[in-house]
Amino acid sequence: MVRHPPAPLRWSRALLAFLLLFGASAAFAAPGAAGAALRLVVAGVVDGRPEVGIEIALEPGWKTYWRNPGDAGIPPVVDWSKSAGVASFDLRFPAPVRFGEEGTTSIGYTAPVILPIDLALADPAKPATLDLDVQIGLCRDICVPVSARLTATVSPTGPVDAAALARLREARTRLPLPAVKGVAPWVMALERDPDSVPGSILVKVKMPEEEGDAAGRDMLVEGPTGDWSLPLPARIATGRGREIWRFDLDGVPRGARLEGSELRFTMRIRDRVVEQNVTLDGAAAAP
(Lines give C-alpha, C1' and ligand atoms only; values in the text may rest on other atoms or scores of the structure.)
Protein backbone atom coordinates (compact mmCIF):
# COMPACT_ATOMS: atom_id res chain seq x y z
CA MET A 1 0.00 0.00 0.00
CA VAL A 2 1.35 3.41 -0.95
CA ARG A 3 0.54 6.43 1.19
CA HIS A 4 1.34 10.10 0.59
CA PRO A 5 1.16 11.83 4.02
CA PRO A 6 1.05 15.63 4.08
CA ALA A 7 3.77 15.79 6.73
CA PRO A 8 6.85 13.54 6.88
CA LEU A 9 7.25 11.09 9.73
CA ARG A 10 10.55 10.91 11.62
CA TRP A 11 11.78 7.36 11.20
CA SER A 12 14.67 5.97 13.26
CA ARG A 13 17.79 4.91 11.42
CA ALA A 14 17.56 1.37 12.66
CA LEU A 15 15.10 -1.09 11.19
CA LEU A 16 13.82 -3.38 13.92
CA ALA A 17 13.38 -7.04 12.99
CA PHE A 18 11.37 -9.59 14.92
CA LEU A 19 11.96 -13.21 13.94
CA LEU A 20 9.48 -15.58 15.51
CA LEU A 21 9.47 -19.30 14.83
CA PHE A 22 7.09 -21.50 16.81
CA GLY A 23 4.53 -24.29 16.77
CA ALA A 24 0.77 -24.51 16.48
CA SER A 25 -0.42 -23.09 19.79
CA ALA A 26 2.63 -21.12 20.93
CA ALA A 27 2.96 -17.33 20.97
CA PHE A 28 6.49 -16.11 21.74
CA ALA A 29 8.06 -12.64 21.38
CA ALA A 30 11.58 -11.81 20.29
CA PRO A 31 13.60 -10.58 23.31
CA GLY A 32 14.83 -6.99 23.41
CA ALA A 33 12.35 -5.61 20.86
CA ALA A 34 11.59 -1.91 21.43
CA GLY A 35 8.04 -0.56 21.25
CA ALA A 36 6.12 -3.79 20.72
CA ALA A 37 6.38 -7.52 20.31
CA LEU A 38 4.70 -9.21 17.35
CA ARG A 39 3.22 -12.65 17.89
CA LEU A 40 1.12 -15.18 16.06
CA VAL A 41 -1.65 -16.40 18.34
CA VAL A 42 -2.90 -19.81 17.20
CA ALA A 43 -5.61 -21.63 19.12
CA GLY A 44 -6.15 -24.45 16.61
CA VAL A 45 -9.19 -25.42 14.55
CA VAL A 46 -12.57 -25.11 16.27
CA ASP A 47 -15.75 -26.36 14.55
CA GLY A 48 -13.89 -26.37 11.25
CA ARG A 49 -12.61 -22.80 11.58
CA PRO A 50 -8.95 -21.98 12.15
CA GLU A 51 -8.60 -19.59 15.10
CA VAL A 52 -5.58 -17.40 14.41
CA GLY A 53 -4.51 -13.78 14.88
CA ILE A 54 -1.55 -11.42 14.89
CA GLU A 55 -0.91 -9.77 18.23
CA ILE A 56 0.81 -6.38 18.42
CA ALA A 57 1.80 -6.22 22.08
CA LEU A 58 2.43 -2.48 22.40
CA GLU A 59 4.52 -1.18 25.27
CA PRO A 60 3.09 1.78 27.26
CA GLY A 61 3.20 5.03 25.32
CA TRP A 62 3.62 3.39 21.90
CA LYS A 63 1.08 3.45 19.06
CA THR A 64 0.55 1.57 15.80
CA TYR A 65 -1.68 2.10 12.77
CA TRP A 66 -4.97 0.91 11.31
CA ARG A 67 -5.34 -0.29 7.70
CA ASN A 68 -5.96 3.41 6.83
CA PRO A 69 -3.39 5.27 8.94
CA GLY A 70 -4.95 8.73 8.54
CA ASP A 71 -2.94 11.87 7.79
CA ALA A 72 0.38 10.15 8.40
CA GLY A 73 1.60 6.66 9.18
CA ILE A 74 2.26 3.25 7.72
CA PRO A 75 -0.54 0.66 7.60
CA PRO A 76 0.06 -2.99 8.46
CA VAL A 77 1.04 -5.06 5.43
CA VAL A 78 1.05 -8.86 5.60
CA ASP A 79 2.44 -11.06 2.81
CA TRP A 80 1.20 -14.62 3.25
CA SER A 81 2.31 -15.89 -0.18
CA LYS A 82 4.93 -18.25 1.27
CA SER A 83 2.32 -20.09 3.36
CA ALA A 84 1.42 -23.66 2.43
CA GLY A 85 -2.00 -25.29 2.57
CA VAL A 86 -3.83 -21.95 2.88
CA ALA A 87 -6.74 -21.22 0.50
CA SER A 88 -7.59 -17.70 1.66
CA PHE A 89 -6.32 -15.15 4.16
CA ASP A 90 -8.14 -12.01 5.36
CA LEU A 91 -6.67 -9.80 8.07
CA ARG A 92 -9.37 -8.20 10.22
CA PHE A 93 -9.07 -4.91 12.13
CA PRO A 94 -10.74 -4.05 15.45
CA ALA A 95 -12.23 -0.58 15.71
CA PRO A 96 -9.42 2.03 15.90
CA VAL A 97 -9.10 5.45 17.51
CA ARG A 98 -7.72 8.80 16.32
CA PHE A 99 -4.54 10.20 17.84
CA GLY A 100 -2.41 13.24 17.11
CA GLU A 101 1.22 13.46 16.02
CA GLU A 102 2.93 16.82 15.35
CA GLY A 103 -0.14 18.58 13.97
CA THR A 104 -1.49 15.54 12.11
CA THR A 105 -4.23 13.08 13.02
CA SER A 106 -3.52 9.39 12.62
CA ILE A 107 -5.75 6.33 13.04
CA GLY A 108 -4.74 3.21 14.90
CA TYR A 109 -4.24 1.65 18.30
CA THR A 110 -2.78 2.99 21.53
CA ALA A 111 -3.02 -0.28 23.48
CA PRO A 112 -2.10 -3.90 22.73
CA VAL A 113 -4.29 -5.34 19.98
CA ILE A 114 -4.94 -8.65 18.25
CA LEU A 115 -5.81 -8.59 14.54
CA PRO A 116 -7.91 -11.72 13.89
CA ILE A 117 -7.34 -13.63 10.65
CA ASP A 118 -10.14 -15.20 8.62
CA LEU A 119 -8.28 -18.25 7.36
CA ALA A 120 -9.42 -21.08 5.09
CA LEU A 121 -7.37 -24.26 4.72
CA ALA A 122 -6.82 -25.66 1.24
CA ASP A 123 -7.69 -29.11 2.62
CA PRO A 124 -9.75 -29.00 5.86
CA ALA A 125 -8.33 -32.39 6.86
CA LYS A 126 -4.66 -31.45 6.50
CA PRO A 127 -2.37 -29.10 8.42
CA ALA A 128 -1.32 -25.77 6.94
CA THR A 129 1.85 -23.77 7.48
CA LEU A 130 1.58 -20.02 8.00
CA ASP A 131 4.66 -18.11 6.84
CA LEU A 132 4.00 -14.38 7.11
CA ASP A 133 6.11 -11.34 6.34
CA VAL A 134 4.66 -8.51 8.43
CA GLN A 135 5.41 -4.78 8.22
CA ILE A 136 3.97 -2.26 10.66
CA GLY A 137 4.74 1.23 11.91
CA LEU A 138 5.30 2.06 15.58
CA CYS A 139 5.36 5.56 17.08
CA ARG A 140 6.25 7.14 20.38
CA ASP A 141 8.64 10.11 20.36
CA ILE A 142 9.92 8.81 17.05
CA CYS A 143 8.32 6.57 14.43
CA VAL A 144 9.88 3.23 13.62
CA PRO A 145 9.17 0.87 10.70
CA VAL A 146 9.12 -2.74 11.89
CA SER A 147 9.46 -5.95 9.90
CA ALA A 148 8.80 -9.43 11.24
CA ARG A 149 8.57 -12.98 10.00
CA LEU A 150 5.93 -15.03 11.79
CA THR A 151 5.47 -18.76 11.26
CA ALA A 152 3.19 -21.39 12.76
CA THR A 153 1.46 -24.66 11.93
CA VAL A 154 -2.34 -24.86 11.98
CA SER A 155 -3.51 -28.45 12.42
CA PRO A 156 -7.17 -29.55 12.24
CA THR A 157 -6.33 -32.57 14.42
CA GLY A 158 -4.19 -30.83 17.01
CA PRO A 159 -5.27 -29.80 20.50
CA VAL A 160 -7.10 -26.51 21.05
CA ASP A 161 -5.35 -23.90 23.18
CA ALA A 162 -8.21 -22.69 25.36
CA ALA A 163 -6.42 -19.56 26.59
CA ALA A 164 -5.49 -18.49 23.05
CA LEU A 165 -9.05 -19.20 21.89
CA ALA A 166 -10.49 -16.95 24.59
CA ARG A 167 -8.17 -14.11 23.60
CA LEU A 168 -8.99 -14.46 19.89
CA ARG A 169 -12.73 -14.54 20.54
CA GLU A 170 -12.47 -11.44 22.71
CA ALA A 171 -10.59 -9.71 19.88
CA ARG A 172 -13.41 -10.57 17.47
CA THR A 173 -15.90 -8.81 19.72
CA ARG A 174 -14.00 -5.60 18.93
CA LEU A 175 -14.49 -5.92 15.15
CA PRO A 176 -16.97 -3.48 13.57
CA LEU A 177 -20.40 -4.98 12.89
CA PRO A 178 -22.18 -4.69 9.54
CA ALA A 179 -24.43 -1.62 9.55
CA VAL A 180 -28.17 -2.29 9.65
CA LYS A 181 -30.34 -0.21 7.32
CA GLY A 182 -32.17 2.48 9.26
CA VAL A 183 -30.44 1.72 12.55
CA ALA A 184 -28.07 4.40 13.86
CA PRO A 185 -25.41 4.96 12.80
CA TRP A 186 -26.44 4.65 9.16
CA VAL A 187 -25.33 6.65 6.08
CA MET A 188 -28.53 7.97 4.54
CA ALA A 189 -27.04 9.90 1.61
CA LEU A 190 -23.89 11.27 0.03
CA GLU A 191 -24.01 14.68 -1.61
CA ARG A 192 -21.53 16.92 -3.38
CA ASP A 193 -20.73 20.16 -1.51
CA PRO A 194 -21.16 22.78 -4.27
CA ASP A 195 -19.27 25.47 -2.34
CA SER A 196 -16.09 23.50 -1.72
CA VAL A 197 -12.82 23.69 -3.64
CA PRO A 198 -11.45 21.39 -5.00
CA GLY A 199 -14.42 19.31 -3.94
CA SER A 200 -16.01 17.71 -0.90
CA ILE A 201 -18.57 15.07 -0.09
CA LEU A 202 -21.29 15.67 2.50
CA VAL A 203 -22.30 12.55 4.42
CA LYS A 204 -25.76 12.58 5.99
CA VAL A 205 -25.90 10.09 8.84
CA LYS A 206 -28.79 8.78 10.91
CA MET A 207 -27.99 9.10 14.60
CA PRO A 208 -29.92 8.42 17.81
CA GLU A 209 -32.69 10.88 18.62
CA GLU A 210 -30.99 11.83 21.87
CA GLU A 211 -28.01 14.10 21.38
CA GLY A 212 -25.64 11.97 23.43
CA ASP A 213 -21.91 12.54 23.84
CA ALA A 214 -20.44 14.00 20.65
CA ALA A 215 -16.96 12.93 21.76
CA GLY A 216 -18.11 9.30 21.63
CA ARG A 217 -19.00 9.52 17.92
CA ASP A 218 -16.67 9.21 14.97
CA MET A 219 -16.58 8.46 11.26
CA LEU A 220 -13.78 7.16 9.02
CA VAL A 221 -13.87 6.72 5.26
CA GLU A 222 -11.86 4.55 2.86
CA GLY A 223 -11.76 4.27 -0.91
CA PRO A 224 -12.33 1.08 -2.89
CA THR A 225 -8.58 0.29 -3.17
CA GLY A 226 -5.50 0.90 -1.05
CA ASP A 227 -4.15 3.64 -3.31
CA TRP A 228 -7.03 5.95 -2.31
CA SER A 229 -6.03 8.23 0.56
CA LEU A 230 -9.15 10.14 1.57
CA PRO A 231 -8.89 12.75 4.37
CA LEU A 232 -10.49 12.23 7.74
CA PRO A 233 -14.15 13.34 7.81
CA ALA A 234 -15.17 16.22 10.08
CA ARG A 235 -18.60 16.72 11.68
CA ILE A 236 -20.06 20.03 10.50
CA ALA A 237 -23.69 19.87 11.67
CA THR A 238 -25.81 18.03 14.21
CA GLY A 239 -29.53 17.77 14.76
CA ARG A 240 -31.98 15.51 16.47
CA GLY A 241 -31.61 12.13 14.84
CA ARG A 242 -28.95 13.05 12.27
CA GLU A 243 -25.49 14.51 11.64
CA ILE A 244 -23.66 15.84 8.60
CA TRP A 245 -19.99 15.04 8.07
CA ARG A 246 -17.73 16.31 5.30
CA PHE A 247 -14.49 15.14 3.72
CA ASP A 248 -12.47 16.57 0.84
CA LEU A 249 -11.80 14.69 -2.36
CA ASP A 250 -8.05 14.81 -1.84
CA GLY A 251 -6.09 11.60 -2.17
CA VAL A 252 -8.14 10.18 -5.07
CA PRO A 253 -5.77 8.37 -7.47
CA ARG A 254 -5.14 10.12 -10.78
CA GLY A 255 -7.59 8.87 -13.40
CA ALA A 256 -9.87 7.15 -10.87
CA ARG A 257 -13.59 7.35 -11.64
CA LEU A 258 -15.56 8.78 -8.74
CA GLU A 259 -19.04 7.90 -9.95
CA GLY A 260 -19.76 4.27 -9.14
CA SER A 261 -16.87 3.94 -6.68
CA GLU A 262 -17.73 2.18 -3.43
CA LEU A 263 -16.63 3.86 -0.22
CA ARG A 264 -16.39 2.09 3.12
CA PHE A 265 -17.49 4.02 6.20
CA THR A 266 -16.58 3.00 9.74
CA MET A 267 -18.82 4.74 12.28
CA ARG A 268 -18.78 4.79 16.06
CA ILE A 269 -21.39 5.66 18.68
CA ARG A 270 -19.61 5.04 21.97
CA ASP A 271 -19.05 1.25 22.08
CA ARG A 272 -21.09 0.49 18.95
CA VAL A 273 -18.96 0.44 15.78
CA VAL A 274 -20.33 -0.48 12.36
CA GLU A 275 -19.13 -0.62 8.76
CA GLN A 276 -21.19 0.37 5.73
CA ASN A 277 -20.32 0.38 2.02
CA VAL A 278 -21.89 3.22 0.05
CA THR A 279 -21.57 3.82 -3.70
CA LEU A 280 -20.95 7.33 -5.01
CA ASP A 281 -23.68 8.12 -7.53
CA GLY A 282 -23.68 10.85 -10.14
CA ALA A 283 -25.13 13.48 -7.80
CA ALA A 284 -22.36 12.97 -5.26
CA ALA A 285 -19.48 12.42 -7.68
CA ALA A 286 -20.15 14.95 -10.44
CA PRO A 287 -17.28 17.46 -10.88
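The values are calculated or read from the model by the stated rules, or taken from the named source; none is laboratory data. This one's a predicted model, so the numbers in the text were calculated from it and none came from an experiment. Counting neighbours? That spans all protein chains shown, and the Cβs are built from the backbone with ideal geometry, glycine included.
Key figures
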quantity: Residue that is touching a Gly at 6+ places or on another chain (Cβ under 9 Å), part of a strand (DSSP E or B), outside the structural domain of ALA234 (by TED's automatic domain parsing) and touching a residue at least 12 places away in the same chain (Cβ under 8 Å), where the choices are PRO75, PRO69, PRO124; calculated: PRO69
quantity: Residue pairs meeting the criteria (Cβ under 6 Å; at least 6 apart or on separate chains; first under 19 Å from ASP79 (Cα atoms) and surrounded by 22 or more Cβ atoms within 10 Å (Cβ to Cβ), in segment 39-56; second hydroxyl-bearing (Ser, Thr, Tyr) and modelled with pLDDT under 95); calculated: VAL42/SER25
quantity: Some residue of segment 263-277 being farther than 24 Å from THR105 by Cα, of a type outside the set (Asp, Glu) and in contact (Cβ under 8 Å) with a residue 12 or more places away in the chain; calculated: no
quantity: Qualifying positions in segment 96-108 - touching a residue at least 12 places away in the same chain (Cβ under 8 Å) and surrounded by fewer than 21 Cβ atoms within 10 Å (Cβ to Cβ); calculated: VAL97, ARG98, PHE99, GLU101, GLU102, GLY103, THR104, THR105
quantity: Residue in segment 170-187 that is in a strand (DSSP E or B) and either free of Cβ contacts under 8 Å to residues at least 60 places away in the same chain or buried (at least 17 other Cβ atoms within 10 Å of the Cβ) (or both) present; calculated: yes
quantity: Residues satisfying the stated conditions in segment 97-121, i.e. in contact with a strand residue (DSSP E or B) (Cβ under 7 Å, 6 or more places away or on another chain) and not in a strand (DSSP E or B); calculated: THR110, ALA111, PRO112
quantity: Output for segment 79-93, where each listed residue is of a type in the set (A, V, I, L, M), over 11 Å from VAL154 (Cβ atoms) and surrounded by 17 or more Cβ atoms within 10 Å (Cβ to Cβ); calculated: LEU91
quantity: Hits in segment 242-287 (condition: among the small types (Gly, Ala, Ser) and more than 24 Å from MET207 (Cβ to Cβ)); calculated: GLY251, GLY255, ALA256, GLY260, SER261, GLY282, ALA285, ALA286
quantity: Restricting segment 255-275 to residues that are in a loop (DSSP other than H, G, I, E, B) and among the hydrophobic types (A, V, I, L, M, F, W, C), the residue that is surrounded by the most Cβ atoms within 10 Å (Cβ to Cβ); calculated: LEU258
quantity: Filtered residue count, segment 223-254, keeping only those that are over 17 Å from ASP281 (Cα atoms), assigned to a loop (DSSP other than H, G, I, E, B) and of a type outside the set (A, V, I, L, M, F, W, C); calculated: 12
